[in-house]
Amino acid sequence: MIRVDALIVRFGEVTALDLPSLRIPDGDRLGISGPNGSGKTTLLRVLAGLLAPTSGAVQGVPPPGRIVLLHQRPFMLRGTALDNVTYALHIARGPASRAAGWLERLGALHLADRTAGTLSVGEQRRVALARALAVGPEVLLLDEPLAGLYAPGVEVVLDALEAFEGTLVFAAPDPRGEPVSRVVSLER
């Protein structure tokens with residue numbers, strides 16, 4: 001279980017996040033809602049260990065590699081879409097032979113030989129999600145993963161997320177109707 005207590009993140013004089021308490025049980029499917037600037041991305045970055053809180057405590061987070069954050073604008077490595085997934089498997093000490101299967105599962109196998117920098121935003125999201133899921137994380141943190149996807153792409157992504165068996169934290173302005181079981185709202 002991930003436990004957040006008295007979490008505050010400030011950037012200079014601006015309080016980006018003030019969260020008194022949050023519990024995320026193992027296997028939970030949590031939606032984080034709120035308008036732009038409410039702290040959704042900041043919370044995900046703290047949970048992923050990419051941002052230290054100004055004050056408060058976060059406990060029970062898996063070690064790096066067992067928790068994966070899929071950014072709103074996914075970072076793509078040089079090389080092809082297949083190279084992106086293969087590299088993640090290499091780092092996670094997983095079989096590279098699984099990379100094509102993950103691209104196929106996300107409806108992106110036809111992109112395997114395309115240079116990552118030439119992919120559309122929606123294509124990059126699907127490749128980045130294939131890369132994230134391929135390493136078998138315990139916790140998957142998603143920052144607006146459906147933005148920029150066309151309807152068939154949304155269905156493929158939702159199917160993959162429904163099949164994910166770990167803890168899922170899904171941040172979006174309104175994640176109701178997404179693959180979440182409960183929603184916590186961050187308000188400004």
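Of note:
- Semi-axis lengths (Å, descending) of the ellipsoid that matches the C-alpha gyration tensor of region 35-188: 25, 18, 14
- Net lengthening on full extension, Asp26/Thr118 (0.36 nm per residue, minus Cα-Cα): 29.4 nm
- Against the main long axis of the alpha-carbon atoms of the chain, helix 151-163 sits at an angle near 70°.
- Probing with 1.4 Å while keeping every protein chain in the model, the per residue accessible area of region 19-156 equals 47 Å².
- For region 1-74, the relative contact order comes to 37 percent (Cα pairs under 8 Å, sequence separation of at least 6).
- Average Cα contact separation per residue, the chain, under 8 Å, 6 or more apart, as relative contact order %: 31 percent
- The relative contact order of region 35-130, computed from alpha carbon pairs under 8 Å that lie at least 6 residues apart in sequence, is 26 percent.
- Qualifying GluC sites (Glu not before Pro) in region 88-178, where qualification requires a DSSP coil assignment and no more than 13 other C-beta atoms within 10 Å, comprise Glu165.
- Taking every DSSP beta bridge that has both ends in the chain, the antiparallel portion is near 45%.
- Sites matching trypsin sites (Lys or Arg not before Pro) across region 28-81 that sit in DSSP coil, with at most 14 neighbouring C-beta atoms within 10 Å: Arg66, Arg78
- Label-to-label distance, nm, for residues given as Glu165 and Phe75 (7 Å Cα→Cβ offset): 2.9 nm
- Most tightly packed first, judged by the mean number of other beta-carbon atoms within 10 Å of their residues, the peptides 10-18, 80-88 read 80-88, 10-18.
- Helix-only mean residue ellipticity at 222 nm for the chain, each DSSP H run of n ≥ 4 adding -39500 (n - 2.57), per residue, nearest 500: -8500 deg cm²/dmol
- The three principal axes of the C-alpha atoms in region 30-93 carry coordinate ranges of 38, 27, 22 Å, sorted with the longest axis first.
- Within the accessible surface of the chain, defined with a 1.4 Å probe on protein heavy atoms only, the carbon and sulfur portion equals 53 percent.
- Radius 15 Å from Cβ of Asp26, net charge of other residues (Lys, Arg +1; Asp, Glu -1): +2
- Each Cα pair of region 72-149 feeds into the Kirkwood radius, which the Stokes-Einstein equation turns, at 20 °C and 1.002 mPa s, into a diffusion coefficient of 176 µm²/s.
The values are calculated or read from the model by the stated rules, or taken from the named source; none is laboratory data. Just so it is clear, the structure is predicted and the values come from calculations on it, not from any experiment. Because the Cβ atoms are built from the backbone with ideal geometry, glycine has one as well, and the counts that use them run over all protein chains shown. Surface areas here come from the heavy atoms of the whole protein model, side chains and all, with no ligands, DNA or RNA. Shrake-Rupley method; radii C 1.70, N 1.55, O 1.52, S 1.80 Å.
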